[in-house]
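Just below is one structure, and these are the notes that go with it.
The values are calculated or read from the model by the stated rules, or taken from the named source; none is laboratory data. Since the model is a prediction, treat every value here as computed from it, not as a measurement. Virtual Cβ from ideal backbone geometry, glycine too; neighbours counted across all protein chains shown. The protein model used for the area step is the full one, side chains on, heavy atoms only, and it has no ligands, DNA or RNA in it. Shrake-Rupley method; radii C 1.70, N 1.55, O 1.52, S 1.80 Å.
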Amino acid sequence: MIRYEENTKFFQLDTKNTSYCMAVLDTGHVEHMYYGNKIKADTPDFMLEKRCLTPGNCNAYDSKHPISLEDACLEMSGYGKSDIREPFIELTNEDGSTTTDFVFDYCLVDKGKKSYKTLPGSYDDDNKQDHLMISMKDKNSGCTLELHYYVYEDEDVITRSAKFVNTSDSTVKLNRLMSMQLDVDEAGFVITSFHGGWTQEMNKHDMTLTGGRFVNSSFTGGSSSRSNPFVMMSRPETTEYMGDCFGFNLIYSGNHYESFEVNSFNKTRFVSGINPQNFEFVIEPKGVFEAPEAVMTFSGCGHNGMSQNMHAFVRKHIVRGAWRDKARPVLLNSWEAAYFDINESKLVNLAAEGAKLGIELFVMDDGWFGERNGDTAALGDWKENVKKLPHGVAGLAERINDLGMDFGIWVEPEMVNVDSDLYRAHPDWAICIPDKPHSEGRNQRILDFANPEVVEYITKSMTEVFSLGNISYVKWDMNRTFTDYYSQYLPNDRQGEVAHRYICGVYQVMKNLTEKFPKILFEGCAAGGNRFDLGILSYFPQIWASDCTDAVERLRIQNGYSYGYPMSTVSAHVSGCPNHQTLRTTPIDTRFNVASFGVLGYECNLADSSKEEKEAMKSQIEIYKKYRETMQFGKFYRVSSGNVYQWTVVSQDKKTAVGMVAQLLMKAGRSYQKFKACGLDKDKKYHFFGRELKYHLKEYGDLVNTGMPKLPLIGKPHINPNNDTMMNLLNKVNPMNGEKEDCEVYGDALMNCGVKLKQAYMGVGYNGEGETRHFPDFGSRLYFMEEL
């Protein structure tokens, strides 16, 4: 709900549990007064900061008002009129001056949201979200700035965006335009950001900001794995379930910028938007520039409370289309099984093995087109390689469909190899500085999507690819970052527009293709999580979270994503061991347990997998399908992280839940473990149980001669643990039984007391009657809770 009091020029934006308050000052500037738990306010007087004198060594706004804008909490600000903090907007006027002084002109309160012309944005199924537009006029240039606010009540989310309109008679240069600004009259907040790189995305970092500036940004051309645009601000005492927490994100996939600054008056300013580095847009009279939409939420229930708000918002107001609420299939991807060395026979054999296990979708990854036998050639030549696929994509898709599976394909539309027919025909279509050495990445260059001709060509080219056969899924990759920013399409004085125009062109292609092929399940990928953001999720309902499939690394990566993104957007695969990125060997159950909390897939050579591995995978897929609705669309809760991770996901009706305990390293003498759930109905009674598992004798090595029970018929002979034949034979007769967990517990007990699990093996013996928990390094368990 939005309330506007015209007499006092007071605004209050309310969601179900929060309030956002601001008012217009006598100077015409809009002062931010409050954002937090929901409050009642009949008048803004008690919230307005009281001023009668200008602070020392500060500048007054003008002779009539003693206010220094440096010491004010504002909804937006610029340079030149006494505010020296990070600005919301920077302009260069035709006369070279850079001072801006945007003041209140008028406002509009209505319902609904118009689509942006160049960018994706949030939406509502009924288009009935409350909307506030505040129009600001620059006293110096005469230009207009529109501040837009959209209220999503049920999710406790407010989105913000800005639109600059050149209502002057002169051309101006826009050097910066943020999407949101939040000024708070306190300091000492903990700033949480998520950093990393290829195969190491979303590492959580905390810092307490008591002075100075902290910047989280990307200049890679994408939102980047280096610094995700999602950030948090919380009080030092905030925990997962208690305390104040603000969450911020940006619906944008290009170079982004988030800055937290504490000034000398102990006020904290946060701004978010397009990275102003190398950004410069020429705006002619009547010209318009749209800033990306920013997302903000507040919860008084800690980090998890904030995450629940973000998850609900992304699921309902960012992800869209036929697959928004539809269960995603279990897939098998060919990449780690074959890399570029593919052919029709090999792919069909691989798919046939997957079909036996219950896999529903087979994906042909890179290597199927042109002379694509490695990463040095053929990107851009999107024609089937008939030597590899003698019956074409259509024939392969038909054979996969005959196995009872859907068929998917890999593409990388934004890239081109120099060794390709496309580059030879159109070298001017690549992002590079003519006649200058180019810094290459993965032996490829980036196509210039700032050029409308390239956008049209790629739309046509991908339309042809997606029409080659019965294609149900597309993996859209983007495997390098930007270097040598330069568009041969744009004039020399417009090169500051390249990065933003590029991402707008990418959005146009994605919009064209998702509208032409609404039934295809698109998955975003950018060397893993190099472009995991709300902009991509506005077109593709899921994103490949990381090129790292190692279960131990994925624990940290997926835990990081969970702060701002629902698990239905995070795709995760079970791969072979030793892992291809780390050479680490982890139990196949742990690989599945971690991956099952995302959109599950497999990425391994099933043709070479053992019988035992295939049996394990078949059982895993059956379990996942049974609980898929809960795993993909339930409410996700972080219980703990560190050496031991605990996660819980609960169905929307709270009738079913799945929990996981995963351990990095076993600590000697530590056999105790407790499982605590979250999000259950406290009054419901649940059947709590785990999977009945068996373990190979080889995992106990020489201990089989001292700790193993007697075998039927043959007693207890000495066994050489290095004799694989003997160990495998004995394991068929007498595998090691895992523990059994089975009890009936009320929801409040599960959440507060928890279930104390069976004792883990700790070097003093093994009880083979379901009493000893086999829990070594990288061990894990799934636990199920079903309403009785």
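Rolling a 1.4 Å probe over the protein heavy atoms gives the chain an accessible area of 38 Å² per residue.
Subtracting the Cα-Cα distance of ASP125 and TYR339 from 0.36 nm times their residue separation leaves 72.9 nm of extension gain. Cross-link partners for LYS40 among the aspartates and glutamates, with Cα-Cα distance under 19 Å and sequence neighbours closer than 8 places in the same chain left out: GLU5, GLU6, ASP14, GLU31, GLU49, ASP130, GLU153, ASP154, ASP156, ASP244. Please work out the C-alpha center-to-center distance from the range 561-631 to the range 236-309 and express it in whole Å. Taking the Cα centre of each part, the range 561-631 and the range 236-309 sit 34 Å apart. Once you have all Cα-Cα distances for the range 114-260, histogram them in 5 Å bins from zero and send the whole-percent values. Calculated P(r), rounded to whole percents: 2, 7, 14, 17, 18, 18, 14, 7, 3, 1, 0. So which trypsin sites (Lys or Arg not before Pro) in the range 1-43 pass both tests, a DSSP loop state and at most 11 other Cβ atoms within 10 Å of the Cβ? Taking the range 1-43 and a limit of 11 other Cβ atoms within 10 Å, the loop trypsin sites (Lys or Arg not before Pro) found are LYS40. Estimated from the Cβ-Cβ distance and a Förster radius of 22 angstrom, the FRET efficiency linking VAL733 and SER610 is about 0.75.
Placing a label point 7 Å from the Cα of THR725 along the Cα-to-Cβ direction, the residues of the range 683-706 whose backbone N falls under 18 Å of that point are 698.
Taking all protein chains as they are arranged and a probe of 1.4 Å, the heavy atoms of CYS504 leave approximately 30 Å² accessible to solvent. Shape index of the range 1-101: Rg/Rh, with Rg the Cα radius of gyration and Rh the Kirkwood radius from the inverse mean 1/r over Cα pairs, equals 1.02. Within the accessible surface of the range 369-468, defined with a 1.4 Å probe on protein heavy atoms only, the carbon and sulfur portion equals 49 percent. Only Lys, Arg, Asp and Glu carry charge here, each on its Cβ (+1 for the first two, -1 for the last two); on that basis the chain has a dipole of about 2200 debye about its Cα centre. With the charge dipole of the range 651-692 set up from +1 on Lys and Arg Cβ and -1 on Asp and Glu Cβ about the Cα centre, the Cα lying farthest toward the positive end among the listed residues TYR686, THR656, GLN673 is that of GLN673. For the chain, leaving out every one of the chymotrypsin sites (Phe, Trp or Tyr not before Pro) that falls in a DSSP loop and has at most 12 other Cβ atoms within 10 Å, the longest unbroken run is 47-671. Calculate what fraction, in whole %, of the accessible area of the range 70-212 sits on carbon and sulfur atoms when a 1.4 Å probe is rolled over the protein chains. Result for the range 70-212: 44 percent of the exposed heavy-atom area is carbon or sulfur. Placing unit charges on the Cβ atoms only, positive for Lys and Arg and negative for Asp and Glu, gives the range 543-690 a dipole magnitude near 700 debye about its Cα centre. Apply 1/(1 + (r/R0)^6) to the Cβ-Cβ distance of ARG442 and ASP26, taking R0 = 41 Å, and write down the FRET efficiency to the nearest 0.05. After rounding to 0.05, the efficiency reads 0.10.
Using Cα centres only, tell me the gap between the range 448-512 and the range 734-788 in whole Å. Going from one Cα centre to the other spans 51 Å.
Calculated on C-alpha atoms, the gyration radius of the range 210-360 divided by its Kirkwood radius gives an Rg/Rh of 1.12. Considering only Cα atoms, the convex hull volume of the chain works out to 173 Å³ per residue. Short-range pairs are left out: with C-alpha atoms under 8 Å and at least six residues apart, the relative contact order of the range 19-83 is 28 percent.
Across the range 330-393 the C-alpha pair distances fall into 5 Å bins from zero in the proportions 4, 19, 27, 24, 15, 8, 3, 0 percent.
In the structure shown, do any of LYS685/LYS756; LYS356/LYS388; LYS111/LYS635; LYS346/LYS383 have a Cα-Cα gap over 22 Å, and if so which? Don't skip to the answer; put the middle values down first.
Working: LYS685/LYS756 17 Å; LYS356/LYS388 24 Å; LYS111/LYS635 29 Å; LYS346/LYS383 20 Å.
In this structure, LYS356/LYS388; LYS111/LYS635 lie more than 22 Å apart at Cα.
Ranking ALA312, PHE281, GLY354 by how far each Cα lies toward the positive end of the dipole of the range 280-387 (charges on Cβ) leaves ALA312 at the top.
Mind checking which aspartates and glutamates have their C-alpha under 15 Å from LYS173, skipping anything on the same chain fewer than 8 residues away? Within the straight-line limit of under 15 Å, LYS173 reaches these aspartates and glutamates: GLU90, GLU94, ASP95, ASP138, GLU280, GLU284, GLU290, ASP493, GLU497.
The range 651-703 and the range 41-93 have Cα centres separated by 55 Å.
For the range 415-423, putting each phi into the Karplus relation 6.51 cos²θ - 1.76 cosθ + 1.60 with θ = phi - 60° gives couplings of 10, 8, 8, 4, 7, 8, 5, 5, 5 Hz, in residue order, rounded to whole numbers and with x for Gly and Pro. Basic side chains Lys and Arg get +1 at the Cβ, acidic Asp and Glu get -1 at the Cβ, and with that the dipole of the range 46-121 about its Cα centre reaches some 420 debye. Phi angles across the range 15-21 convert, under the Karplus curve 6.51 cos²θ - 1.76 cosθ + 1.60 with θ = phi - 60°, into 3J(HN,Hα) values of 9, 4, 10, 10, 10, 10, 10 Hz, Gly and Pro given as x. Positive-end ranking of ALA338, HIS205, LEU788 along the dipole of the chain, with charges on Cβ about the Cα centre, is headed by LEU788.
Here the 3J(HN,Hα) profile of the range 657-666, calculated from phi with Karplus coefficients 6.51, -1.76 and 1.60 at θ = phi - 60°, is 8, 10, x, 9, 10, 10, 10, 7, 10, 6 Hz, Gly and Pro shown as x. In straight Cα distance, which lysines are under 19 Å from LYS114, not counting same-chain residues fewer than 8 positions off? Leaving aside lysines fewer than 8 places away in the same chain, those within reach of LYS114 are LYS128, LYS163, LYS316, LYS511. The trypsin sites (Lys or Arg not before Pro) of the range 67-119 that DSSP puts in a loop, and whose beta carbon has at most 14 other beta carbons within 10 Å, are LYS114, LYS117.
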